[in-house]
Amino acid sequence: MNPVMACTQFYLLNSLWQVPLLFGVAWLIARFSPMREPRLQHRVWVGALLLQCLLPACHLPEGWRADLLALFRPGSAQGGAVSVEIGPGLARGGLYAWPEVVWLCTAAYLLLVAFFAVRLAWRYWRVSSLRAGAVPLALQPDDAALFADLCERLHLKRVPLATSNSVFGPSTVGIVRRLVILPGPFTAATASRDLHAALAHELAHVQRRDFARNLLYELAALAVAYHPCCWMTRTRLTESREMVCDEVAADLLAGGSGPQGNAHPLLRLAPQLTATPRAHNSHAIGMFDSTSFERRIMQLSTQVQTVRGVRCGFMLTAFGAVALVTCGSALAFGPNGAPVAALEPQAPKNQPPLAVSSGVMAGQVIHKVAPIYPPEA
């Protein structure tokens with residue numbers, strides 16, 4: 001079997017059960033963890049996404065390195081079988097499938113990966129076109145002064161502003177030369193305080209380099225982008241990222257009112273989510289990326305109670321143990337493939353049969369009973 005195709009099939013087989021397992025563990029940790037800060041929640045989902053991409057590749061078929069080195073050497077193709085191994089040889093069995101079915105599933109998987117890769121490239125190209133068509137925006141003097149103060153407090157150089165009718169809401173684009181783009185009628189139809197909240201939220205994205213990070217996560221997740229649990233992980237990641245930026249914006253604009261003060265601008269900006277048709281061609285990072293406005297507002301409006309002390313240490317230890325056991329089980333329980341020809345004894349080729357004398361064979365007898373024949377015999 002082609003070693004590249006063999007590794008692809010093993011990765012696909014591993015990801016089918018490891019991705020939902022990792023999502024379930026991450027959900028339990030994010031749901032019941034004593035540390036409920038958005039930053040920690042975001043790190044949990046980032047770690048879950050990266051493990052979903054990397055862990056299926058940690059248990060590949062034995063000898064795959066040698067097979068890859070011998071990829072271009074002449075050899076004969078032969079059928080294959082997949083066996084399941086639990087631990088270091090504790091149990092062994094065979095899982096056989098029709099070669100046509102295996103190749104069909106592998107081809108469908110590769111087509112899906114190619115589709116998601118092309119879609120990512122197309123979206124990035126649309127973002128580049130969006131940036132090229134954006135018009136520079138000049139704020140009112142008071143708004144411009146506050147914007148410059150926000151950039152200084154976040155230790156950012158002056159971030160350029162632009163406007164475009166092709167964006168759904170305030171968005172951030174760019175890896176090195178970052179740019180904040182606002183919808184065309186946004187500045188004129190938005191109150192000054194709400195505009196400040198939107199600008200603070202987008203500057204939080206700029207400070208965290210969320211556009212570059214999101215692009216990196218998208219590239220890393222191409223191999224498991226077909227899995228619904230990967231979609232849910234990315235949704236949770238996006239939601240926690242927006243909560244982090246809401247928290248940063250609330251701290252910047254608190255003005256003595258606490259984080260709850262930023263929930264009101266978010267509520268006033270929320271109607272624009274339904275009033276404006278959503279643009280499907282943008283891969284930019286914006287405050288309207290997540291649809292979980294209710295949870296974001298509750299996060300800003302309520303005081304999060306964090307568990308401390310011995311109870312916190314005990315729960316974190318328990319969650320760490322669960323995560324380690326999950327990763328260990330994913331490594332211990334994995335597929336191990338071997339060619340069908342290697343599973344069956346084969347006679348040596350081009351070797352004459354061996355002749356053994358009767359005396360040698362008689363000397364190997366351990367016990368012998370003389371037969372008693374009936375008279376008819």
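The values are calculated or read from the model by the stated rules, or taken from the named source; none is laboratory data. Nothing here was measured: the structure is a model prediction, and the numbers come from that model. Positions of Cβ are generated from backbone atoms using ideal geometry, with glycine treated the same way; all protein chains shown enter the neighbour counts. These area figures cover heavy atoms from the full protein model, side chains too; ligands, DNA and RNA do not enter into them. Shrake-Rupley method; radii C 1.70, N 1.55, O 1.52, S 1.80 Å.
Within the stretch 106-237, DSSP assigns beta bridges of which about 55% are antiparallel (rounded to the nearest 5).
Taken as Cα centroids, the stretch 354-377 and the stretch 96-133 sit 69 Å apart, rounded to the nearest whole angstrom.
When the P(r) of the stretch 117-256 is calculated, the portion above 27 Å amounts to 24% of the C-alpha pairs. Projecting the Cα atoms of A221, A200, P141 onto the charge dipole of the stretch 130-231 (Cβ charges, centred on the Cα centre) puts A221 farthest toward the positive pole. For the stretch 91-235, the solvent-accessible area works out to 54 Å² per residue, with a probe of 1.4 Å and every protein chain left in place. Packing around the peptides 135-148, 159-172, taken as the average count of other Cβ atoms within 10 Å per residue, puts them in this order, highest first: 159-172, 135-148. Listed peptides 221-233, 194-206, 103-115, 353-365 appear in the order 194-206, 221-233, 103-115, 353-365 once ranked by packing, highest mean of other Cβ atoms within 10 Å at the front.
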